[in-house]
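What follows is a single structure, written as structure tokens, with notes after it.
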Amino acid sequence: MNYSFRLASLLLIAATLSGCASANPQYYTFDATAVSGSAAPVPISAVVGPVSIPATVDRANIVLETAPNRVEFEEYERWAAPLDALIAQTVAANVSRMLGSPQIAPAAQANFTPQYQIAISVQHFDSSKQAALLDALWTVRRAGAAQGRSGRIVVSEPVTGDDFSDLAAAQSRNLAKLSANIAAALRSENNDGTPPR
């Protein structure tokens, strides 16, 4: 009796481990979808960071809204890096293209002394099978300045397919819109040299 019970237990454990091993996690990132602007390049340097995100989505697993006031943590669908780092990297790449300036990078990766700092505070980073929403506050500040230009953007993009890569693509489009606001602020800041009072 004990032998049969032990054998059944071992077989159950082996089946469970086999099932876990066969389900490979999928990893996702964002695309920098911005294209080079037609305006004259802006030869400035800037770093993106800090980027803060809500605790709900500050995890490797993709967080999916499944109903009002209900979310699910996707076990095998994950971000390829910490979400704040992915956002900083994508915004930096977008803004660099929009302004035609190579010296725009995430703060953690910059190997230069920047003229500007870009801070982003994500209020909502909502994902569902239908849409991706981004609500973010941003600030562009000249190095050493107490004030800068700031704004808020709330944008939503439809998810055009059933795959999680379609969700990542929708959030990439949201980040491109955020980047466009930041690039416009940097261009204005560089033109007049002083933040508004």
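None of the figures in this text is laboratory data; all of them are computed from the coordinates on show. A quick note: this is a predicted structure, and the numbers were derived from the prediction, not measured. Glycine also receives a Cβ, built like all others from the backbone with ideal geometry; neighbour counts cover every protein chain displayed.
Remark: SER36 matches the filter, which requires a residue to be farther than 13 Å from PRO82 by Cβ and touching a Lys or Arg at 6+ places or on another chain (Cβ under 9 Å). Applying a threshold of 6 Å to beta carbon distances and a minimum spacing of six or more residues, or different chains, the list of pairs starting in segment 63-86 at a residue that is in contact (Cβ under 8 Å) with a residue 40 or more places away in the chain and ending at one that is loosely packed, with under 12 Cβ neighbours inside 10 Å reads TYR76/ALA23; TYR76/PRO25; ARG78/PRO25. Looking across segment 78-133 at every residue that is of a type in the set (S, T, N, Q) and touching a Phe, Trp or Tyr at 6+ places or on another chain (Cβ under 6 Å), the one that is surrounded by the most Cβ atoms within 10 Å (Cβ to Cβ) is identified as THR90. So for segment 82-101 (the condition being of a type in the set (A, V, I, L, M, F, W, C), more than 12 Å from the chain's Cα centre (by Cα) and outside any helix (DSSP H, G or I)), does at least one residue qualify? Within segment 82-101, not a single residue is of a type in the set (A, V, I, L, M, F, W, C), more than 12 Å from the chain's Cα centre (by Cα) and outside any helix (DSSP H, G or I).
For segment 135-150, state whether one or more residues are assigned to a strand (DSSP E or B), of a type in the set (Lys, Arg), crowded, with 18+ Cβ neighbours inside 10 Å and in contact with a helix residue (DSSP H, G or I) (Cβ under 8 Å, 6 or more places away or on another chain). Within segment 135-150 (the criterion being assigned to a strand (DSSP E or B), of a type in the set (Lys, Arg), crowded, with 18+ Cβ neighbours inside 10 Å and in contact with a helix residue (DSSP H, G or I) (Cβ under 8 Å, 6 or more places away or on another chain)), the answer is yes, since at least one residue qualifies.
THR29 meets the conditions (1) in contact (Cβ under 8 Å) with a residue 40 or more places away in the chain; (2) surrounded by fewer than 19 Cβ atoms within 10 Å (Cβ to Cβ); (3) on the phi > 0 side of the Ramachandran plot in every case but one. The failed one is (3). Considering segment 156-190, and only residues there that are part of a loop (DSSP other than H, G, I, E, B) and among the acidic types (Asp, Glu), the residue that is surrounded by the most Cβ atoms within 10 Å (Cβ to Cβ) turns out to be ASP163.
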